[in-house]
Amino acid sequence: MAEPSKPVTVTDAEARKVAFGAFVGTALEWYDYFLFGTAASLVFNRLYFASDDPVVATAGAFASFAVGFAARPLGAVLFGHLGDRIGRRKCLLITVTMIGVVTGLIGLLPDFFSIGVAAPVLLTLLRLLQGVAVGGEWGGAVTLAVEHAPKEHRGRYAAMPQIGSPIGTLLSSGAFLAVSLLPPESFDAWGWRIPFLAAFPLLYIAFYIRRRVEESPLFEQLLREDELASAPVRDVVLRTPVQLLVGAGSTLLGVGGFYLATTFVIAYGTRLGVDPSVMLTATLVAAVVEILVLIAGGRLAERYGPGRITLIGALVSAAFAFPMFWLIDTTSPALVIIGVTVGVACLSIPYAVSGALLTDLFPARLRYSGVAISANAASVVSGFVPLIATALLAFSDGASWSAALLLVGIALITAVCGAIAPRVSIGDDATVGRG
């Protein structure tokens, strides 16, 4: 079917309101999701995957971490279908509620020493549910923000949900940094649970904000004109397979590279003898710098195009991969913080424009499904990056060159897809105009 012929008119004021709602909800969801990554490095390896071999324990914790990413495509398919059939807003209310409840339950879960093998099994199950919720979250948030935005300002509004990522990192790492100041016995007994239990009151805030966000005017027009796809997931797979692959590759660095530079690096630095508080501080500083990079990246996308910015950011990330690990290998707190911060800043350049790039790849009637499936296909690989990096580290006898080489490979995949993206974009940009 043809796309709607009449432009949907929106104002910058409306776009800002919706983008802020998408940002706040996404920030709180990423807070919940990132807590698991930090806890996998500092807590779950000892309390839920207990083993005499620390490498085995860490691998078990990272495997449970990766399970959440494996579940994200299921969430993308489920909520992609619903988002293109019943609306973007309704799905975002469901996802934010789901992940808030699940994260709070993790804070209540007894550990291995209390209930045995049931502890890691239940933890992994809750992580699966987290993954399903997040699989439908980001695609819906960025789609809603873009479809409310004037065409010439799509880059900045598409970047707003992205800013939720470093805010989530700040909240989660900051919460863990605070409770890590407790005596070790108190931290292991109950302190680490506090950030997870905080998900319950944060859920109330997120749900309240999400309820005030209006439905996408583009979706409402598609609904009025009976232009909704009857099977959006099927259509996006059969009609836009190239766009799905390019979209997945273009987001790989922003997600997979990020978890290598944060989740894996926290465990790696701690193993080298760096104090965990230093590693958490590094992620906090990196998150602050990332916010500035994302704001700038959104505006650069409007001027130069998201594909070109993705290409540049990926090449810069590849160039800094080895220096980042060299700085961490010094174990000097200042140099470790600089290495992590600059590394995250580099890979945040393509991440800043992911929303604009992916929404350009798909037409409105298939957009939620297309964006969600392509982004979460990359997340399947991304979730296993810390585990792969841990295996490579063991293969190289602890030498960091193996992890750095992995980051280079991820960056080059994103660079190629960024270069291809402008040539295969089929988004219906003309359907949104300035009010």
**Q.** Number of the exception - ILE94 against (1) in contact with a helix residue (DSSP H, G or I) (Cβ under 7 Å, 6 or more places away or on another chain); (2) modelled with pLDDT of 85 or more
**A.** (1)
Q: Select from the stretch 62-86 the residues that are surrounded by 21 or more Cβ atoms within 10 Å (Cβ to Cβ) and over 18 Å from the mean Cα position of the chain (by Cα) and list them in ascending order.
A: HIS81, GLY83, ASP84
Q.
For a quick check of your reading of the model, give me the residue pairs whose first member lies in the stretch 173-202 and is at pLDDT below 90, whose second is exposed (fewer than 15 other Cβ atoms within 10 Å of the Cβ), with beta-carbon atoms closer than 7 Å and at least 6 apart or on different chains.
A. LEU177/SER277; SER180/SER277
Q.
Just to be sure I understand the filter: pairs with C-beta atoms under 8 Å, separated by 6 or more residues or on different chains, first member in the stretch 223-250 and acidic (Asp, Glu), second member surrounded by fewer than 16 Cβ atoms within 10 Å (Cβ to Cβ). Which pairs pass?
A. GLU227/MET1; GLU227/ALA2
Q) So which of VAL316, VAL353, VAL342 is surrounded by 24 or more Cβ atoms within 10 Å (Cβ to Cβ) and closer than 30 Å to VAL142 by Cα? A) VAL353
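Considering only the stretch 321-338, state which residues are touching a residue at least 24 places away in the same chain (Cβ under 8 Å) and either more than 17 Å from LEU253 (Cα to Cα) or in contact with a Ser or Thr (Cβ under 8 Å, 6 or more places away or on another chain) (or both).
Initial filter on the stretch 321-338 (touching a residue at least 24 places away in the same chain (Cβ under 8 Å)): 321-322, 324-326, 328-329, 331, 333, 336-337.
Of everything in the stretch 321-338, those that are touching a residue at least 24 places away in the same chain (Cβ under 8 Å) and either more than 17 Å from LEU253 (Cα to Cα) or in contact with a Ser or Thr (Cβ under 8 Å, 6 or more places away or on another chain) (or both) turn out to be PHE325, TRP326, ILE328, ASP329, THR331, PRO333, VAL336, ILE337.
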**Q.** Filter result for THR414 (assigned to a helix (DSSP H, G or I) and more than 20 Å from SER317 (Cβ to Cβ))
**A.** no
Q: Taking VAL121 as the residue in question, decide whether it is surrounded by fewer than 24 Cβ atoms within 10 Å (Cβ to Cβ), of a type in the set (A, V, I, L, M, F, W, C), modelled with pLDDT of 85 or more and within 28 Å of ILE266 (Cα to Cα).
A: yes
Q. Which of (1) out of contact with any Leu (no Cβ under 8 Å at 6 or more places or on another chain); (2) within 24 Å of VAL96 (Cα to Cα); (3) assigned to a helix (DSSP H, G or I) does LEU238 not meet, given it meets every other one?
A. (2)
Q | Verdict on LEU218 being surrounded by fewer than 24 Cβ atoms within 10 Å (Cβ to Cβ) and hydrophobic (A, V, I, L, M, F, W, C) | A | no
Q. What tally of residues in the stretch 124-155 results from selecting those that are surrounded by fewer than 24 Cβ atoms within 10 Å (Cβ to Cβ) and more than 19 Å from ALA375 (Cα to Cα)?
A. 7
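The values are calculated or read from the model by the stated rules, or taken from the named source; none is laboratory data. Here the structure is a predicted model, which means the values were calculated and not measured. Note: ideal-geometry Cβ built from the backbone for every residue, glycine included; neighbour counts use all protein chains shown.
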